[in-house]
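What follows draws every value from the coordinates through simple rules; no lab data is involved. In this text, all values refer to a predicted model and were calculated from it rather than measured experimentally. Here Cβ is always computed from backbone atoms with ideal geometry, including for glycine, and neighbour counts include all displayed protein chains.
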There are 2 protein chains.
Amino acid sequence: MRKGEATRQRIIAQAAPIFNQRGFDGCSMQDLMQATGLEKGGLYRHFPNKEHLAAEAFRFALAQTVKLRTGHLDDIPNAVDKLKTFVQHFVETPSALPGGCPLMNTAIDSDDGNPTLRDLARKGVHDWRTRLARIVEAGIKAGEIHKSTDSRRIANTLIATLEGALMISRLDNSRQALRDAQATLDSILTGIATSRR
Amino acid sequence: MRKGEATRQRIIAQAAPIFNQRGFDGCSMQDLMQATGLEKGGLYRHFPNKEHLAAEAFRFALAQTVKLRTGHLDDIPNAVDKLKTFVQHFVETPSALPGGCPLMNTAIDSDDGNPTLRDLARKGVHDWRTRLARIVEAGIKAGEIHKSTDSRRIANTLIATLEGALMISRLDNSRQALRDAQATLDSILTGIATSRR
């Protein structure tokens with residue numbers, strides 16, 4: 001990696017938690033200078049503007065989050081076990097970076113402006129839903145999940161319930177809502193399994 | 001109502017959609033002056049600072065939202081029907097003011113700062129959960145809902161799934177995720193009912 005590219009990557013990694021915690025408008029140039037130890041000119045040498053840096057920081061945060069949330073699932077053979085492990089992991093593992101889920105933060109933060117960030121968040125949810133729906137479809141094909149199961153509905157329900165519960169848990173400063181979500185989702189997943197698990 | 005108080009209420013009502021759409025940091029003094037047609041001095045005559053106006057605007061937005069979401073439930077006799085109607089209403093009715101759910105917006109917006117807004121959002125979720133849990137408990141008492149039902153878990157699941165689905169739906173620009181949430185929650189509510197509904 002060339003030195004310029006290494007510095008660019010370091011800036012992105014250092015800016016990501018700041019944007020994730022404070023949002024686009026809440027993150028000042030001063031905050032970014034403090035987090036990276038660079039002057040304004042140093043930052044502008046690598047990124048044409050704040051929008052550009054925010055987009056790169058979100059891509060970085062999302063990649064870390066996806067890796068943390070679904071990176072461990074490939075080794076689990078049964079589709080229902082895979083989905084239950086995904087839920088358990090979401091409930092028990094802290095967010096990949098400070099400030100909670102970058103997807104939810106950016107979805108809320110960008111919903112009345114900032115179309116680049118919004119498109120990236122939209123793609124993030126789309127890819128996540130596709131990933132989960134494919135696990136359901138593979139489970140149906142393998143005879144592990146009932147044929148009548150709507151894969152998109154299961155995927156949307158998993159994402160919605162976990163993200164909503166994370167929002168409540170962070171507000172309550174308690175994991176209770178996440179544990180309640182896990183109990184509900186486990187029971188739904190047991191319900192779509194062809195064998196008792 | 002005295003004229004000063006009427007002006008104060010008008011400012012709150014006009015500022016609420018702006019804060020709901022842009023967040024605390026994203027809402028400038030210029031935005032507030034434009035929305036209310038007042039100069040800075042006129043605003044400061046009624047509110048000591050932006051934090052104070054934002055808190056009043058959130059209280060207003062939350063009251064409108066609670067009224068819209070649960071104001072119509074008292075006339076429905078059966079607890080399960082009441083909860084299903086609540087879900088249907090959430091899924092089919094647009095938010096009380098532009099910018100989506102003020103509770104979710106403020107929960108995300110305030111999670112790394114602004115303790116006053118955060119406390120108000122926390123109380124908002126607490127009151128909402130209590131309201132829904134009481135419906136479940138009344139249903140258990142009336143023999144409409146199975147005794148083994150965990151009222152807090154049902155309440156947390158309803159709020160989490162609907163709020164998460166609203167986030168996805170706004171991002172997708174489609175009500176599909178909300179409809180998927182409704183199908184899932186309806187099935188959960190049918191499952192806790194003592195009679196087939």
Given the criterion outside any helix (DSSP H, G or I) and in contact with an Asp or Glu (Cβ under 9 Å, 6 or more places away or on another chain), identify the matching residue among A:Gly100, A:Gly143.
A:Gly100
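Between A:Arg118, A:Arg134, which is within 12 Å of chain B (Cβ to nearest Cβ), more than 25 Å from A:Ala177 (Cα to Cα) and assigned to a helix (DSSP H, G or I)? Walk me through it before giving the result.
Details: A:Arg134 fails: within 12 Å of chain B (Cβ to nearest Cβ).
On inspection, the qualifying residue turns out to be A:Arg118.
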Going by the structure shown, is B:Asp112 within 12 Å of another protein chain (Cβ to nearest Cβ), free of Cβ contacts under 8 Å to residues at least 60 places away in the same chain, in contact with a helix residue (DSSP H, G or I) (Cβ under 7 Å, 6 or more places away or on another chain) and among the acidic types (Asp, Glu)?
yes
Within the stretch B:26-50, considering residues that are surrounded by 14 or more Cβ atoms within 10 Å (Cβ to Cβ) and either hydroxyl-bearing (Ser, Thr, Tyr) or touching a residue at least 60 places away in the same chain (Cβ under 8 Å) (or both), the one nearest to the other protein chains (Cβ to nearest Cβ)
B:Thr36
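Every residue, every condition in (1) aliphatic (A, V, I, L, M); (2) under 14 Å from the mean Cα position of the chain (by Cα); (3) closer than 30 Å to B:Leu117 by Cα, yes or no:
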{"position": "A:Ala121", "(1), (2), (3)": "yes, yes, yes"}
{"position": "A:Lys141", "(1), (2), (3)": "no, no, no"}
{"position": "A:Thr149", "(1), (2), (3)": "no, no, no"}
{"position": "A:Ser169", "(1), (2), (3)": "no, no, yes"}
{"position": "A:Gln182", "(1), (2), (3)": "no, no, yes"}
{"position": "A:Ser187", "(1), (2), (3)": "no, no, no"}
{"position": "A:Thr190", "(1), (2), (3)": "no, no, no"}
{"position": "A:Ala193", "(1), (2), (3)": "yes, no, no"}
Can you name every residue in the stretch A:177-197 that is at the interface with another protein chain (Cβ under 7 Å from one of its Cβ atoms) and either outside any helix (DSSP H, G or I) or free of Cβ contacts under 8 Å to residues at least 12 places away in the same chain (or both)?
A:Ala183
Among the listed residues A:Ala107, A:Ala54, A:Ala63, identify the single one that is buried (at least 20 other Cβ atoms within 10 Å of the Cβ), under 13 Å from the mean Cα position of the chain (by Cα) and not hydroxyl-bearing (Ser, Thr, Tyr).
A:Ala107
